[in-house]
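Here, each number is a calculation from the coordinates, and none is a lab measurement. Bear in mind that the values here come from a model prediction, so they are computed numbers and not experimental data. Cβ atoms come from the backbone with ideal geometry, glycine included; neighbour counts cover every protein chain shown.
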Amino acid sequence: MRGKLALLVVVAVAAAPARADSGDTFTPYVRGLYNYDSNLFRLQNDQAAMTQLGTTNTAESYHTLGAGMNMNWRLSRQAIKGHIEFNRTRYDTYNVLDYDGRDALLQWDWLVGSVASGDVGVTNTSAQGSFANINQPVSNLVTVKSGYFHGDVKLDSRWKLKTGVIKSESTNSAASRQILNSTVDTTTAGLQYRTSKGTLVEWASELSDGKYPNRQIVGTAPVDNGYRQWDHGVITTWAPSGKTKILGRLNYTKRSYADVPQRDFSGFTGRLAGDWSVTDKTLLELALYRNIGVVEDNTASYSLNQGVDLSANWRATSKLAFRTKLSYINIDYTGDPGFVLTAAPARQDKLTTLQAGLNYAVLRNTKLGLILEHGVRNSNQALASYRYNSAMINLRSEF
């Protein structure tokens, strides 16, 4: 599918007029990042650190150097967008974690007359996976490849028909994490209505088919984590005033497992988010959500996540901006098939993070970023709780 999508983009470029608009943009850039983390492997205490690392020192730092290019190329009424970056990350102590990563995107924003529009594209990323549930210096390069197509057809001035397909493939380099390798095919369909005041209301339906080629051993039984998931719901975008905006989605979600029906899930999921421009320079954001997601756990194949995010943004000057964010998430590991009999309750984590950062335009094309973060996870599972502090400095320059 990815090859076909890429071919469509190439064909579209070849078929378009040779003259490009004056606003065509090819922007190369370089960037450098330095990160310090007081507890990179998310260990609970000194005893756990000594067991996993052979030392009570849980701190680690690393740096990343990257170079890439962004593209925004207009051909008549069509637009070709692209991004490519190659980067190298090197750790100060645990050199086994060093890796070369990439991040690439190619997308065609297509338009047919005044009736139909959409996009088609491919992405490819490769980066080190999370250590939150591995708790040791095991290198696991996670590669995610996807291809997608979205299309909108106007039925009249108020109604619009929407459709899309997405294919995503995720692979893990570490042998112990390859049970998480997956391919997910998603098909979407929707009918959108725009009111006279600009409010959008959409009925949306989504079908996802997840396949896991490597079976997971739970107890002594090999388990196929493949699933099929339906999401039916309503999406709305409403601007009560010029300073406020509300976005919401409410779904009824049903996920079923052919191999282990004990893991089946059904219930309401969704997200409600609001933005408030307090002043021209200050923006407050609030989001509430409930969803199911992939987890890296030896018994559960998914978790039920319920959380809240609160953010504040302040643009002090044209060159300096500040941002703070407080997040709280309750994670229930409800995807346990129950093959292992135990009197212990199902795992439940509560994760709180506080983040503060700034962005400063050092020069017209050079930006400096700083992010400080504090996180705490409390869990009812032994040795799954942790806390950490981290600091990241990022410098990026465009040409």
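Can you tell me the convex hull volume per residue for segment 184-346, based on C-alpha atoms, in Å³ to the nearest whole number?
151 Å³
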Among Val144, Val218, Val96, which one moves the most in a GNM of the chain with springs linking Cα atoms closer than 10 Å? Val96
May I ask which residue of Asn389, Leu310, Ala239 lies farthest towards the positive end of the charge dipole of the chain, with charges of +1 (Lys, Arg) and -1 (Asp, Glu) on Cβ and the Cα centre as origin? Ala239
Could you list the trypsin sites (Lys or Arg not before Pro) in segment 361-399 that lie in coil according to DSSP, counting only those with at most 15 other Cβ atoms within 10 Å of their Cβ? Arg364
Under 27 Å from the Cα of Lys350 - lysines, other chains or at least 8 residues apart: Lys254, Lys325
Take the chain, connect every pair of alpha-carbon atoms lying under 10 Å apart with a spring to form a Gaussian network, then pick out the residue of Ala127, Ala221, Ala67 with the largest mean-square fluctuation. Ala221
Residue-count net charge about Leu395 - beta-carbon cut-off 11 Å; Lys, Arg +1, Asp, Glu -1: +3
Computed over the Cα atoms of segment 114-186, the Rg and Dmax in Å are 18.2, 57
Plugging the Cβ-Cβ distance of Val362 and Asp264 into 1/(1 + (r/R0)^6) at R0 = 45 Å yields, to the nearest 0.05, a FRET efficiency of 0.25
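Would you kindly state how much longer the chain becomes between Val278 and Ser157 on full extension, computed as 0.36 nm times their sequence separation minus their alpha carbon distance, in nm to one decimal?
40.3 nm
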Can you list which of the trypsin sites (Lys or Arg not before Pro) found in segment 263-312 are DSSP loop residues with at most 14 other C-beta atoms within 10 Å? Lys281
Extreme residue, positive dipole direction of segment 184-346, given options Leu284, Val260, Trp203 (C-beta unit charges): Leu284
Local electrostatic count, Lys254, Cβ distance below 15 Å [Lys/Arg +1, Asp/Glu -1]: 0
So, relative contact order of the chain in percent, Cα under 8 Å, 6 or more apart, is 11 percent
Given Cβ point charges of +1 (Lys, Arg) and -1 (Asp, Glu) and nothing else, what value in debye, to the nearest 20, does the dipole of segment 184-346 about its Cα centre take? 840 debye
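Based on the Cβ-Cβ distance of Arg90 and Ser130, what FRET efficiency does E = 1/(1 + (r/R0)^6) give at R0 = 25 Å, to the nearest 0.05?
0.85
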Please work out the Cα center distance from segment 241-302 to segment 66-98, rounded to the nearest Å. 28 Å
Based on the Cβ-Cβ distance from Ser38 to Val144, what FRET efficiency comes out when R0 is 35 Å, to the nearest 0.05? 0.80
Kirkwood Rh over Cα pairs of the chain into Stokes-Einstein at 20 °C, 1.002 mPa s: D in µm²/s? 89 µm²/s
Once you've got the GNM for the chain with C-alpha springs shorter than 10 Å, pick whichever of Ala361, Ala239, Ala316 has the biggest mean-square fluctuation. Ala316
Net charge near Asp109: determine it from the other residues with C-beta under 13 Å of the C-beta of Asp109, scoring Lys and Arg +1 and Asp and Glu -1. +1
Suppose every K and R has +1 on its Cβ and every D and E has -1 on its Cβ; what is the size of the dipole of segment 158-216 about the Cα centre, in Debye to the nearest 20? 260 debye
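Once you charge only the Cβ atoms, +1 for Lys and Arg and -1 for Asp and Glu, what is the size of the charge dipole of the chain about its Cα centre, to the nearest 20 debye?
On the way: 43 positive and 34 negative charges, 232 e Å.
That gives a dipole near 1120 debye.
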Based only on Cα atoms, what mean projected area does the convex hull of segment 91-229 have, in nm²? 12.0 nm²
